[in-house]
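The values are calculated or read from the model by the stated rules, or taken from the named source; none is laboratory data. Predicted model, so just to flag it, every value in this text is computed and none were measured. Positions of Cβ are backbone-derived with ideal geometry, glycine not excepted, and every protein chain shown enters the neighbour counts. Keep in mind that these areas ignore ligands, DNA and RNA; they rest on the heavy atoms of the full protein, side chains included. Shrake-Rupley method; radii C 1.70, N 1.55, O 1.52, S 1.80 Å.
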Amino acid sequence: KKMTRVKRGNVARKRRNKILQMNKGFRGSNSTLFRTANQKNMRSLKYAYRDRKRKKREFRKLWITRINAAAREQGLTYSQLIHQLKLNNVEINRKVLSQITLFDQNAFSTLVHSS
C-alpha cells in the first residue's frame with residue numbers, strides 16, 4: 001500500500017518566513033535569500049547567546065573599576081575596601097556600591113569610614 005503524498009508548502013513557508021522575519025534589517029541577501037539568511041540567523045543567535053554571558057562580565061568589571069577609583073580617593077584600594085566591608089558584615093553588592101560612588105559620594109565616604 002502506498003503512503004499518501006504530503007505537501008509541505010504551508011509548514012515550510014512558515015519556517016522560512018520565521019527566519020526571514022528575524023533577519024529584518026540585515027544587509028543584502030542576508031535578509032532576503034533563505035539560505036544565507038538562515039546562516040546569518042544561526043550566527044547571530046550564537047553571538048547573542050555568547051554576549052548575554054559576556055555582558056555580565058563587562059558590567060561587573062565596570063562596577064569594580066568605579067568602586068576602585070572611589071576607594072582610592074578615600075585612601076584605600078578596592079581589595080582593602082571589600083575586605084573591610086566583609087569584616088563588618090556590610091552586604092552591598094558591587095552594582096549598588098558603584099551607584100553610590102557615582103551619585104552620593106558623601107554616603108560612600110561614610111560607608112568607608114564606618115567600616
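Solvent-accessible surface of the chain, taken per residue with a 1.4 Å probe and all protein chains present: 82 Å².
Please list, in order, the residues from the stretch 17-54 whose amide nitrogen is less than 19 Å from a point placed 7 Å along the Cα→Cβ vector of THR65. Counting backbone N atoms under 19 Å from the label point, the list is 51-54. Screening the chain for DSSP H helices whose Cα atoms reach 30 Å or more along their own axis and whose mean Kyte hydropathy is at least 1.6 gives nothing. Sparse packing (at most 12 other Cβ atoms within 10 Å of the Cβ) combined with a DSSP loop state is found for the following GluC sites (Glu not before Pro) in the stretch 18-115: GLU91.
Neighbours of ARG27 by Cβ distance under 15 Å: Lys/Arg scored +1, Asp/Glu scored -1, total +3. Pairs exceeding 32 Å between alpha-carbon atoms, taken from LYS24/LYS95; LYS56/LYS86; LYS55/LYS86; LYS14/LYS95; LYS1/LYS40; LYS40/LYS95: LYS24/LYS95; LYS14/LYS95; LYS1/LYS40; LYS40/LYS95. Estimated at 0.36 nm per residue, the fully extended path between ARG35 and ALA48 surpasses their Cα-Cα distance by 2.7 nm.
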